[in-house]
Amino acid sequence: MAQPKRYTITAALPYTNGPIHIGHLAGVYVPADIYARYQRLQGRDVVFVCGSDEHGVAITIKAKKEGITPQQVVDRYHKIIKDSFADFGISFDVYSRTSAPIHHDTASEFFKQMHADGKFIEQVTEQLYDAEADQFLADRFVIGTCPKCGYEASYGDQCENCGTSHNATDLINPKSAITGTTPTLKSTKHWFLPLDQYQEWLNEWIVEGHKKDWKPNVHGQVKSWIMDGLKPRAVTRDLDWGIPVPVEGGEGKVLYVWFDAPIGYISATKEWAEATGNNWEPYWKDEDTKLLHFIGKDNIVFHCIIFPSILKAAGDYIMPDNVPANEFLNLEGNKLSTSKNWAVWLHEYLQDFPDMQDVLRYTLTANAPESKDNDFTWKDFQARNNNELVAIFGNFVNRVVVLTHKYYDGAIPSPADFTEADHQVLEGIKTLKADMESSLEQYRFREALSILMKVARSGNEYLASQEPWKSIKTDQERTQTVMFVAAQITAALAVLSEPFLPHTSAKLNNMLHLDTETVNWQNLSESSTYLPASHVIATNQLLFSKIDDAQIQAQLDKLEATKKANEMENAQAEPQKDTIQFDDFTKIDMRVGTIMKAEKMAKTKKLMVMEIDTGIDTRTIVSGIAEHYTAEELVGKQVTVLVNLAPRPLRGVESQGMILLAEDADGKLVFMSPEEAVKNGSSIS
């Protein structure tokens with residue numbers, strides 16, 4: 001597209017069954033925000049829309065588990081998510097929600113118009129039904145084996161393992177997520193969007209028309225779907241939470257969440273237009289508008305096949321110019337998971353790293369999963385902060401501001417004649433800015449961020465080569481010129497960092513007393529003077545602070561605790577041993593005893609020798625617990641002892657019984673002891 005008149009930028013609607021984590025930020029919201037901020041800095045007409053996706057089965061499942069209403073669930077998480085986005089500087093022009101009346105009206109009108117125009121197929125089909133719960137099992141109300149990859153915990157609408165979308169009836173060995181029972185098939189009426197009728201158009205538009213400019217992962221997935229042959233897709237569900245089907249015969253049914261959710265972009269734009277006095281229609285219907293969807297790879301089919309087909313069927317809507325979907329971000333080598341709490345939650349991150357939003361934005365952009373799945377590690381996070389933001393970006397700004405105050409009381413000095421080195425570094429800013437723009441226009445945000453750091457590196461290299469701290473003693477004019485040039489690089493960093501590090505950019509603007517009306521993205525290319533001589537800057541504020549090992553270890557410990565909790569939750573008990581008769585059980589004699597003495601056996605790692613008062617005698621018992629307890633911890637502890645076990649020698653010491661223990665979630669042995677002190681010799685029965 002030639003230079004468009006306006007940009008409509010959408011970011012995938014986050015699902016309100018939980019808070020936002022770093023995978024969401026890295027995959028969708030930071031790249032979308034970088035692009036929207038960049039286009040605004042270019043002076044372009046931008047509307048950046050998003051909102052909470054508040055319908056669907058996952059919401060009702062969570063509500064049932066918590067004993068609250070679906071509305072209470074979405075109200076809670078809508079606020080958490082919206083606040084997280086604001087905290088991290090995601091600059092939406094509007095953040096709406098699909099429970100809003102304007103969205104219900106918009107989605108209902110879409111359905112009614114398409115129904116009136118004959119765009120749907122009305123069919124009675126057999127769907128999975130849970131007789132015990134007395135309801136149909138839509139989407140995530142059913143779990144089974146994925147027919148494509150064999151993953152045994154696939155949902156009814158999509159497999160989270162391979163990303164394939166399918167119908168619930170396609171699952172192998174389906175089970176109800178409500179009761180755990182095997183569902184039956186029962187007839188019900190639904191409305192279907194005949195995607196097969198749009199296959200030829202989709203093939204021409206995307207497979208043929210965008211094979212050179214869309215990401216290979218997006219183009220490839222769409223091509224695969226079309227090659228397999230598109231089939232009619234139900235746009236209604238048998239549920240009581242969602243937007244009611246607004247036509248006759250739709251009682252007890254709602255619109256499928258993947259019909260109503262993308263229409264949320266349009267209803268959000270309407271909400272923005274009403275609030276700002278704009279007309280929403282050009283942003284969705286004018287061919288001079290560039291429409292972009294920022295999503296994760298699991299949403300490609302919905303944004304590249306289903307939603308465009310809905311827009312095509314509705315009539316006079318534009319199609320997306322691009323859908324720059326990212327791959328997935330993993331966490332410390334494992335897939336991020338909301339249900340398993342394997343995540344870094346944004347609201348919790350800010351509790352541990354207050355005012356360090358840009359550090360996370362930087363790390364997630366530098367390590368963005370643009371073409372393949374990438375891994376977030378806390379060690380990499382620390383290294384990027386300490387070795388790049390602090391040591392390169394922050395160090396340069398700090399030196400310039402401190403030296404300007406030391407030598408000139410904070411006033412930008414008047415330069416003398418420029419040398420070749422001066423011209424080179426200032427012209428280099430313009431070249432790097434042009435390179436950055438090229439990268440941003442091609443959705444290469446990692447590459448664009450690396451160019452920003454080249455500007456900071458060029459500043460450090462310039463200062464290191466010119467050494468103003470030395471020339472101040474011998475050549476005042478040269479020092480003034482060097483510090484003048486360094487100040488211009490600092491101002492350029494304030495402007496160029498804004499899409500990536502908005503909080504840092506704002507701090508730097510304030511520190512430099514930058515007039516953003518005259519010093520902005522556009523005039524960086526037109527001039528090399530952004531801070532004139534005699535302009536006074538504020539005293540230095542550290543832009544970034546070092547992160548120490550203890551802070552990182554605390555995060556790793558938190559993840560390790562999560563891993564242990566998951567292992568404990570998923571752990572399966574050992575199979576039952578062979579059945580014994582009651583007479584066999586009566587032969588077992590277990591008593592409560594107290595450990596009187598304890599000593600670790602010499603030349604062993606595990607063995608502890610104890611004297612135990614069993615109430616019937618004092619005896620020696622050897623147990624492999626020395627790696628879990630010290631001798632001092634054991635003395636005085638009441639334990640359960642199998643007293644009639646035949647004695648056996650262990651490393652030359654006769655052990656006269658056995659202490660009963662179990663293993664906790666951390667693998668530590670713990671005693672099976674009475675909750676309250678009892679008399680030694682008390683029988684266990």
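Stokes-Einstein diffusion of region 300-364 at 20 °C, 1.002 mPa s viscosity, Kirkwood radius from Cα pairs, rounded to a whole number: 140 µm²/s. Comparing LEU559, VAL485, ALA133 along the charge dipole axis of the chain, the residue lying farthest to the positive side is LEU559, per the Cβ-charge model. GLY51's amide H: which non-local residues (gap 5+, or another chain) put their own amide H closer than 5 Å, with H modeled 1.01 Å from N in plane and none for Pro or chain starts? Under 5 Å from the amide H of GLY51 lie the amide H atoms of SER96, each far enough along the sequence or on another chain. Using Cβ point charges alone (K and R +1, D and E -1), the dipole size of the chain about the Cα centre works out to roughly 1100 debye.
Think of each Lys and Arg Cβ as +1 and each Asp and Glu Cβ as -1; about the Cα centre, that makes the dipole of region 371-511 roughly 400 debye. Using θ = phi - 60° in the Karplus curve 6.51 cos²θ - 1.76 cosθ + 1.60, the 3J(HN,Hα) couplings for region 631-648 round to 4, 5, 5, 8, 4, x, 7, 7, 9, 9, 10, 7, 8, 9, 7, 4, x, 8 Hz; x is entered for Gly and Pro.
Within region 20-65, report the trypsin sites (Lys or Arg not before Pro) that DSSP leaves as loop and that have at most 15 other Cβ atoms within 10 Å. Qualifying residues, ordered by number: ARG44.
Summed over all non-identical Cα pairs, the Kirkwood treatment of region 589-685 gives a radius of 13.4 Å. Report the Stokes-Einstein translational diffusion coefficient (µm² s⁻¹, integer) for region 458-501, Rh taken as the Kirkwood radius over Cα pairs, at 4 °C with viscosity 1.567 mPa s. Rounded to a whole number, D works out at 116 µm²/s. Each peptide in 667-677, 575-585, 110-120, 495-505 gets a packing score, the mean of other Cβ atoms within 10 Å over its residues, and the list from highest to lowest is 495-505, 110-120, 667-677, 575-585.
What the Cα convex hull of region 95-168 gives, in volume per residue, is 165 Å³. The residues of the chain present an accessible area of 45 Å² per residue when probed at 1.4 Å with all protein chains retained.
Of all lysines in the structure, those lying under 25 Å Cα to Cα from LYS112, and not within fewer than 8 positions of it along the same chain, are LYS189, LYS231, LYS253, LYS270, LYS285, LYS312. Give the cross-link partners of LYS597 among the lysines, using a straight C-alpha distance below 24 Å as the criterion and excluding same-chain residues fewer than 8 apart. Within the straight-line limit of under 24 Å, LYS597 reaches these lysines: LYS605, LYS606, LYS637, LYS668, LYS679. Given +1 at the Cβ of Lys and Arg, -1 at the Cβ of Asp and Glu and no other charges, the dipole of region 291-448 around its Cα centre is 400 debye to the nearest 20. For the chain, the longest principal axis of the C-alpha atoms and the axis of helix 70-87 are separated by about 50°.
Quick one, which of (i) 41, 31, 22; (ii) 44, 32, 22; (iii) 55, 44, 19 is the actual semi-axes √(5λ) of the Cα gyration tensor in Å calculated for this model? From the options (i) 41, 31, 22; (ii) 44, 32, 22; (iii) 55, 44, 19, the structure gives (iii). When Rg and the Kirkwood Rh are both derived from Cα coordinates, the Rg/Rh ratio for region 104-217 amounts to 1.06. Selection among GLY118, GLN72, VAL94 by position relative to the dipole of region 58-125 gives GLN72 as farthest towards the positive end (Cβ unit charges, Cα centre).
Computed from the Cα positions only, the extents of region 1-140 along the three principal axes stand at 59, 41, 25 Å, in decreasing order. Helix 57-66 versus the longest principal axis of the chain: what is the Cα-based angle in degrees, 0 to 90, to the nearest 10? Its long axis makes an angle of about 50 degrees.
Using the rule -39500 (n - 2.57) for each DSSP H run of four or more residues, divided by the residues of the chain, the 222 nm mean residue ellipticity is -11500 deg cm²/dmol. Between SER545 and any residue 5 or more places off or on another chain, the built amide H atoms are never under 5 Å apart. P(r) for region 12-94, from all Cα pairs and a bin width of 5 Å, is 3, 15, 23, 20, 15, 11, 7, 3, 2, 1 %, short bins first.
Estimated from the Cβ-Cβ distance and a Förster radius of 41 angstrom, the FRET efficiency linking LYS603 and LYS577 is about 0.75. Taking a straight line from the alpha carbon of LYS546, these lysines sit under 26 Å away, with near neighbours fewer than eight places off in the same chain left out: LYS379, LYS406, LYS454, LYS507, LYS558. The distance from the alpha carbon centre of region 209-261 to that of region 339-363 is 33 Å, rounded to a whole number. As a rough guide to protection, the peptides 538-550, 437-449 ranked by mean Cβ packing within 10 Å, highest first, stand as 437-449, 538-550.
Using the Karplus relation 6.51 cos²θ - 1.76 cosθ + 1.60 with θ = phi - 60°, the per-residue 3J(HN,Hα) values for region 143-148 come to 10, x, 8, 5, x, 9 Hz, with x marking Gly and Pro. Across all directions, the average flat footprint of the convex hull enclosing the Cα atoms of region 365-460 is 7.8 nm².
Amide H contacts for ILE625 (H built 1.01 Å from N in the peptide plane; partners 5 or more residues away or on another chain; cut-off under 5 Å): MET608. Karplus-based coupling profile of region 38-55, in residue order and whole Hz: 4, 5, 5, 4, 7, x, 8, 7, 10, 10, 10, 10, 6, x, 7, 8, 10, 10, with θ = phi - 60° in 6.51 cos²θ - 1.76 cosθ + 1.60 and x standing for Gly or Pro. Neighbours of ILE61 by Cβ distance under 11 Å: Lys/Arg scored +1, Asp/Glu scored -1, total +2.
Comparing THR579, LEU650, GLY667 along the charge dipole axis of region 562-668, the residue lying farthest to the positive side is LEU650, per the Cβ-charge model. To put it simply, the accessible area of the chain at a 1.4 Å probe is 48 percent carbon and sulfur.
The values are calculated or read from the model by the stated rules, or taken from the named source; none is laboratory data. Fair warning: this is a prediction, and the values are worked out from it, not measured in the lab. A quick note on method: Cβ atoms are made from the backbone with ideal geometry, for glycine too, and the neighbour counts reach across all protein chains shown. Side chains are part of the model used for accessible areas, which takes the heavy atoms of the whole protein and leaves out ligands, DNA and RNA. Shrake-Rupley method; radii C 1.70, N 1.55, O 1.52, S 1.80 Å.
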